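The values are calculated or read from the model by the stated rules, or taken from the named source; none is laboratory data. Just so it is clear, the model here is predicted, and its values are computed rather than measured. Note that we place each Cβ from the backbone using ideal geometry, even for glycine, and neighbour counts take in every protein chain shown.
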Amino acid sequence: MRALIGTPSVSSTNRQHDQSNLPVINLLAEWLGNLGFQVSIQPLAEQNGKANLIATIGPQHKGANGLVLSGHTDTVPYDDSRWQQDPFKLTERDNKFYGLGSTDMKSFFALAIDTAAKFKTSDFKRPLTILATADEESAMSGAQSLSREQLQHAQYAIIGEPTNLTPVRMHKGVMMESLIVTGHAGHSSNPSLGASATEGMHQIINELLSWREELQARHQHPSFEVSSPTLNIGSIHGGDNPNRICSHCETQIDIRPLPGMDIDYLRADLQQRLFKVLPDDGKLKLAYRPIFCGVPPFETPADAGFTRLVESISGKPAEAVAFGTEAPYLNKLGLDTIVIGPGSIDQAHQANEFIPGEQIEPYCHFLHRLIQHICIN
């Protein structure tokens with residue numbers, strides 16, 4: 001944990017903050033190689049300094065039905081002034097282990113590797129794979145680059161995101177969209193001299209709110225604390241002076257669709273509606289741009305054998321959460337996937353992030369029993 005947290009690997013859509021994850025990948029590769037894992041480092045195309053790692057021990061033939069323990073190697077950016085200790089130094093206080101990525105989610109790799117080290121290479125009748133991805137916190141590009149061929153020996157996957165040791169079998173998707181209205185500047189004393197982008201955005205926002213009401217009326221899922229899809233108008237920026245007609249206005253929105261709602265369909269539906277409200281008539285123009293590709297909703301069935309197994313070993317029923325993970329991408333590759341890890345999502349993405357010490361041993365015990373059941377017995 002100390003070595004991983006002490007190795008910076010921030011990913012960000014802002015290039016000024018973005019860093020390579022290769023130092024973390026190389027640490028994992030060395031440790032896993034020494035334990036007898038066959039290690040493959042997979043650089044991401046067109047992303048210099050970014051790579052995934054796939055390390056496997058045991059038989060690797062197609063259809064071997066092995067287990068993947070998966071996590072992301074990057075962290076979010078940080079505000080050093082708000083930390084009470086060095087974010088890159090593992091600090092223990094009151095049985096809490098502080099550091100950037102302690103919960104989200106570098107500690108997971110330390111616990112997974114420590115647990116795997118308790119088995120001999122000859123013990124594995126089915127393969128165990130440690131999967132470490134890049135850029136989960138910015139673009140999900142690491143998970144998206146994975147292919148079924150790379151994981152053809154696996155059938156089950158655990159993602160060690162922080163869930164307070166509670167299995168998670170479904171979560172909402174994540175979409176972030178930018179809407180830009182362009183008009184014409186002019187003197188505010190005469191509206192005919194320009195075309196107001198803010199007034200055009202007013203029409204757009206009205207349509208967004210109407211669309212949200214319709215989505216929430218049509219889609220409900222009682223397993224979620226917030227049972228409907230959500231749409232948040234997160235920011236709006238436009239204009240430069242009260243006596244000038246606004247020529248440019250942008251709003252950015254966040255949409256959280258439920259399982260069963262398709263991101264591509266939602267984008268097409270929303271664009272069609274917005275361009276009807278604000279057609280290109282020569283005065284005002286609307287530009288619609290996804291900020292990133294989006295994370296699909298995720299669901300592993302409640303009655304799936306792997307769901308039942310994880311519930312049995314953890315002693316807790318599987319739940320639903322609102323935050324997104326890489327789970328839908330592993331599901332898409334044909335892996336039965338459950339998210340379960342130590343720490344709380346409430347600690348993620350903020351200063352003084354910590355993992356509670358009392359969850360470390362129980363999580364290692366959970367992983368040991370799961371590996372024993374799938375890969376050894």
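Tabulated data for the structure shown
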| item | result |
| --- | --- |
| Filtered residue count, region 182-194, keeping only those that are part of a strand (DSSP E or B) and either aromatic (F, W, Y) or out of contact with any Ser or Thr (no Cβ under 8 Å at 6 or more places or on another chain) (or both) | 1 |
| Members of region 2-48 that are at pLDDT 95 or above and on the phi > 0 side of the Ramachandran plot | G36 |
| Residue selected from region 115-130 under the condition under 17 Å from C364 (Cα atoms) and not in a loop (DSSP other than H, G, I, E, B), by the criterion nearest to the chain's Cα centre (by Cα) | I130 |
| Selection count, region 259-291, where residues are in a helix (DSSP H, G or I), more than 21 Å from the chain's Cα centre (by Cα) and among the hydrophobic types (A, V, I, L, M, F, W, C) | 5 |
| Looking only at region 1-23, and only at residues there that are among the charged types (D, E, K, R) and in a loop (DSSP other than H, G, I, E, B), the one that is farthest from S138 (Cα to Cα) | R15 |
| Close pairs (6 angstrom Cβ cut-off, 6 or more residues apart or separate chains): closer than 13 Å to T91 by Cβ in region 347-364, small (G, A, S) and not in a loop (DSSP other than H, G, I, E, B) anywhere | I355/S107 |
| Members of region 278-294 found to be under 13 Å from A197 (Cα atoms) and among the aliphatic types (A, V, I, L, M), listed by number | L278, L284, L286, A287 |
| Test set (1) out of contact with any Gly (no Cβ under 7 Å at 6 or more places or on another chain); (2) among the basic types (K, R); (3) within 21 Å of S344 (Cα to Cα) - K89 fails condition number | (1) |
| Residue within region 330-351 that is farther than 20 Å from G71 by Cβ, surrounded by fewer than 22 Cβ atoms within 10 Å (Cβ to Cβ) and assigned by TED's automatic domain parsing to the domain that holds Y98 present | yes |
| Selection within region 352-372 - surrounded by fewer than 16 Cβ atoms within 10 Å (Cβ to Cβ), out of contact with any strand residue (DSSP E or B) (no Cβ under 7 Å at 6 or more places or on another chain) and not charged (D, E, K, R) | P362, H365, Q372 |
| From the options T129, T133, T75, residue that is more than 22 Å from Q350 (Cα to Cα), at pLDDT 95 or above and β-branched (V, I, T) | T129 |
| Matching residues in region 130-159 - criterion: being buried (at least 24 other Cβ atoms within 10 Å of the Cβ) and among the small types (G, A, S) | A132, A134, G142, A143, A154, A157 |
| Residue in region 245-266 that is out of contact with any Gly (no Cβ under 6 Å at 6 or more places or on another chain), loosely packed, with under 11 Cβ neighbours inside 10 Å and within 19 Å of M176 (Cβ to Cβ) present | yes |
| Qualifying residue in region 67-77 (condition: assigned by TED's automatic domain parsing to the domain that holds L131 and over 21 Å from the mean Cα position of the chain (by Cα)) | no |
| Unmet requirement for H221, which otherwise passes all of (1) crowded, with 16+ Cβ neighbours inside 10 Å; (2) in contact with a Ser or Thr (Cβ under 7 Å, 6 or more places away or on another chain); (3) over 30 Å from P328 (Cα atoms) | (3) |
| Matching option when the condition is touching a residue at least 60 places away in the same chain (Cβ under 8 Å), of a type in the set (D, E) and in a helix (DSSP H, G or I), among E214, E199, E225, E207 | E207 |
| Checklist (1) among the small types (G, A, S); (2) touching a helix residue (DSSP H, G or I) at 6+ places or on another chain (Cβ under 6 Å); (3) assigned to a loop (DSSP other than H, G, I, E, B) applied to G63, failing item | (2) |
| Selection count, region 24-42, where residues are crowded, with 16+ Cβ neighbours inside 10 Å, outside any loop (DSSP other than H, G, I, E, B) and either of a type in the set (K, R) or more than 19 Å from the chain's Cα centre (by Cα) (or both) | 7 |
| Filter pass, D264 being under 14 Å from P297 (Cβ atoms) and without any contact (Cβ under 8 Å) to a residue 40 or more places away in the chain | yes |
